[in-house]
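Beneath this line is the structure, given in structure tokens, with notes to follow.
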Amino acid sequence: MSDRTQLWRMAPTELAPHEDPLTRFQAELERVGGTSLRIGPGELIGEITATLAASGAHRVALTADLGDARPVLAQALEGARFDVVDFEAVAGDRAVVRELDATVTGCLAAVAATGSIVTGAADAGRSGALVAPTHVCVVELRRIVDGLASLMRLAPRLGSGSMMAIQTGPSRTADIEKTLIIGVHGPKRVHVVLLDGVLTA
């Protein structure tokens, strides 16, 4: 019996044998209210710009985990009349953070079996993913792992800093009178851009 078969029989947080990780990731993300689109490197700027425009965003923060793509993306978004800041430059100013309409981040990993993205304290991706009504996350396809067991095995090598966060779709809570509310403790909208390439200029 393969390792994947054993894990799948133990928990729904793992892939079934022969299951495609990308297909499962997109299905699980959609199930919790998130959206995704697979693109090539040449489509990255256009997809992010269109997503932000459709959400009505104006003030946008970009996190350092976007790597070499961040300055290129910032220039393009500014050219499209967005107000763009580096997240690390404003993260300590609560008044500015409250005014953000959207954040764009990279990620450390994505979990296929749960439709989750994983961000870390290093490069401010963890907090950047949680503070604005719209979160756009760029996931390189090479960062998709099968399930939570695979993520835990990989965790020591992810460079997550002091902490990592596993985020599955938009924020939702039913703490008050068991009424479901979206976006109280995090983003109302989560869009994952599945990049068939790497985050370089």
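The values are calculated or read from the model by the stated rules, or taken from the named source; none is laboratory data. Just so you know, these numbers come straight off a predicted model, no measurement behind them. Cβ sites come from the backbone with ideal geometry, for glycine too, and all protein chains shown count toward neighbours. Side chains included, ligands, DNA and RNA excluded: accessible areas come from the protein's heavy atoms. Shrake-Rupley method; radii C 1.70, N 1.55, O 1.52, S 1.80 Å.
The phi torsions of the range 22-28, fed into the Karplus equation with coefficients 6.51, -1.76 and 1.60 and a -60° offset, translate into couplings of 5, 4, 5, 4, 5, 5, 5 Hz, rounded to whole numbers, with Gly and Pro shown as x. Between residue 35 and residue 64, what is the spin-label point distance in nm, taking each point 7 Å from the Cα along the Cα→C-beta axis? Here the answer is 3.1 nm between the modelled labels.
When 153, 143, 38, 81 are compared by accessible area at a 1.4 angstrom probe, the order from most to least is 81, 153, 38, 143. Over the C-alpha trace of the range 70-152, radius of gyration and Dmax come out as 14.1, 43 angstrom. On the basis of the beta-carbon distance and an R0 of 22 Å, residue 153 and residue 19 show a calculated FRET efficiency of 0.75.
If the segment from residue 76 to residue 53 were pulled out straight at 0.36 nm per residue, it would be longer than the present Cα-Cα gap by 7.0 nm.
Amide H contacts of residue 109 (H built 1.01 Å from N, in plane; Pro and chain starts excluded): 118 sit under 5 Å, all sequence-distant by 5 or more or on other chains.
To the nearest 10, the accessible area of residue 146 is 50 Å² with a 1.4 Å probe. Across the alpha-carbon set of the range 6-123, the Rg to Rh ratio works out to 1.04, Rh being the Kirkwood radius. Evaluating 6.51 cos²θ - 1.76 cosθ + 1.60 at θ = phi - 60° for every residue in the range 45-50, the Karplus couplings come out as 5, x, 5, 5, 4, 5 Hz, glycine and proline recorded as x.
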